[in-house]
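A quick write-up on the structure given underneath.
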Amino acid sequence: MRIPFLSFAPQHDPLREEILAAMAAVYDKQWYILGDEVRAFEASYAHYNQVSYCVGVANGLDALHLALKALQVGPGDEVIVPSNTYIATWLAVSFVGATPVPVEPDPFTYNLNPACLEAAITPRTKGIMPVHLYGQACAMGPIMAIAERHGLWVVEDNAQAQGAAWEGRLTGSFGAVNGTSFYPGKNLGALGDAGAVTTNSAELATRIQTLRNYGSQQKYYNEVIGHNSRLDELQAAVLRVKLTYLPIWTQQRQEVARLYDQHLAGLGDLILPTVAAGANHVYHLYVVRTQFRDALQQHLTKYGIGTLIHYPVPPHKQQAYAHMHLSAYPIADELAATSLSLPLWPGMQPEHVSEVASIVSSFFANR
């Protein structure tokens, strides 16, 4: 049985006519930028995310970049980021001219470790950017308490965790202003690049709306130096349809993860995902760890099982940040060397999970 790392078919096939009808309506309306579909999706996503405002932008990186810019973070400032994350988190900080300051994760949840934050705070620190990695909510209570104590902004990177919650409150609703991605493979994915900012501040929402549209609220009148980063009408129409199914897809992801937990428990040195007390996990990814990661990946590939490594090179070891001459981050390095993402998608069947688990089991049985 060949099992791909990700399959869109179980999500998209049942929605084909609904999504094509939504796209046709945009086509026929002949208004393609910042129209009714974007406004309707922004309202729907804000309601879903339990915030007052959502502002659609072109992609998740732009969402984080514009969030920091709206907070007037800039040259000479520092922003605390996880040492283990996709590089977009760091790039957003660099784009505003600030310096990313990496902090190691909790070795069990892989999320930013609140116990390490205060040692990284300096007089130049302006904010903290927690990433809800792989779909598990960060420990937002302690993070927000530290930020408040030191007068810092929090900007959540919620690209992998739409629908996750910390102590019942949804991710993307804690920070002053937060960014998310609707890249096709995300839990809520568009049919191309797309993203959004969420906030409870009318002032910050207005700043983002201005920044995303050439620095303009009124056509041809530019208040600030802005960007062209607008969620388009077609993607908004697709996302409106898919948003209604997100709770069902989240439950399906969680059920696949539960089956993996059941089948894979106790195999060799295999470390399964750990969910912290107070957090929930929406399983954008199901990431296991082993010292034999590369051999396990090769074994799975041989039997037609797709896997990916998230992420093989942490940001502090990327050439893009060689100029910072960063010191070692052993937990991030260890995660990069041992982590493997197994197939998981909404609509994945129990027999798929059983097959993957059986092949993983055969690997450890022969060691």
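The values are calculated or read from the model by the stated rules, or taken from the named source; none is laboratory data. This is a predicted model, so every value here is computed, not measured. Every residue, glycine among them, receives a Cβ derived from its backbone with ideal geometry; neighbour counts consider all protein chains shown. Just so you know, the surface numbers come from the protein's heavy atoms only, side chains and all, with ligands and any DNA or RNA stripped out. Shrake-Rupley method; radii C 1.70, N 1.55, O 1.52, S 1.80 Å.
Within segment 106-139, the set of residues being open to solvent by 10 Å² or more (accessible area, probe 1.4 Å) and either modelled with pLDDT under 95 or among the small types (G, A, S) (or both) comprises A115, A119, A120, A139.
Report whether or not Y283 is touching a Pro at 6+ places or on another chain (Cβ under 9 Å) and either surrounded by fewer than 21 Cβ atoms within 10 Å (Cβ to Cβ) or assigned to a loop (DSSP other than H, G, I, E, B) (or both). So Y283 fits the description; yes. Hey, can you tell me all the residues within segment 191-215 that are closer than 18 Å to G226 by Cβ, of a type in the set (A, V, I, L, M, F, W, C) and in a helix (DSSP H, G or I)? Result: L204, A205, I208, L211.
Residues of segment 270-280 that are part of a loop (DSSP other than H, G, I, E, B), open to solvent by 30 Å² or more (accessible area, probe 1.4 Å) and over 16 Å from W166 (Cβ atoms): L272 alone.
Quick check on E104: is it under 30 Å from H150 (Cβ atoms), among the acidic types (D, E) and within 19 Å of the chain's Cα centre (by Cα)? Here the answer is yes, as E104 does meet what is asked. So how many residues does segment 27-55 have that are surrounded by 14 or more Cβ atoms within 10 Å (Cβ to Cβ), of a type in the set (A, V, I, L, M) and out of contact with any Lys or Arg (no Cβ under 9 Å at 6 or more places or on another chain)? The total comes to 2.
Residues considered: V103, V93, V81, V51. Of these, the only one that is of a type outside the set (G, A, S), touching a Ser or Thr at 6+ places or on another chain (Cβ under 6 Å), within 16 Å of V131 (Cα to Cα) and modelled with pLDDT of 95 or more is V81. Within the set of pairs 6+ apart or on separate chains, which have a first residue in segment 1-21 that is touching a residue at least 40 places away in the same chain (Cβ under 8 Å), a second that is of a type in the set (D, E) and assigned to a helix (DSSP H, G or I), and C-beta atoms under 9 Å apart? Between residues of segment 1-21 that are touching a residue at least 40 places away in the same chain (Cβ under 8 Å) and residues that are of a type in the set (D, E) and assigned to a helix (DSSP H, G or I), the close pairs are M1/E351; M1/E355; I3/E355.
What do you reckon, is G278 at positive phi, more than 22 Å from the chain's Cα centre (by Cα) and not polar (S, T, N, Q)? Spelling it out, it is not the case that G278 is at positive phi, more than 22 Å from the chain's Cα centre (by Cα) and not polar (S, T, N, Q). Quick check on my filter: what residues within segment 198-231 are open to solvent by 50 Å² or more (accessible area, probe 1.4 Å) and under 16 Å from F182 (Cβ atoms)? Result: R230, single match. Does L61 meet the test of being within 24 Å of the chain's Cα centre (by Cα) and more than 17 Å from G189 (Cβ to Cβ)? So L61 does not fit the description; no.
Quick check on S341: is it in contact (Cβ under 8 Å) with a residue 60 or more places away in the chain, closer than 20 Å to L267 by Cβ and surrounded by fewer than 19 Cβ atoms within 10 Å (Cβ to Cβ)? No: the conditions fail for S341.
Right, Y245: among the aromatic types (F, W, Y) and either open to solvent by less than 30 Å² (accessible area, probe 1.4 Å) or at pLDDT below 95 (or both) or not? So Y245 does not fit the description; no.
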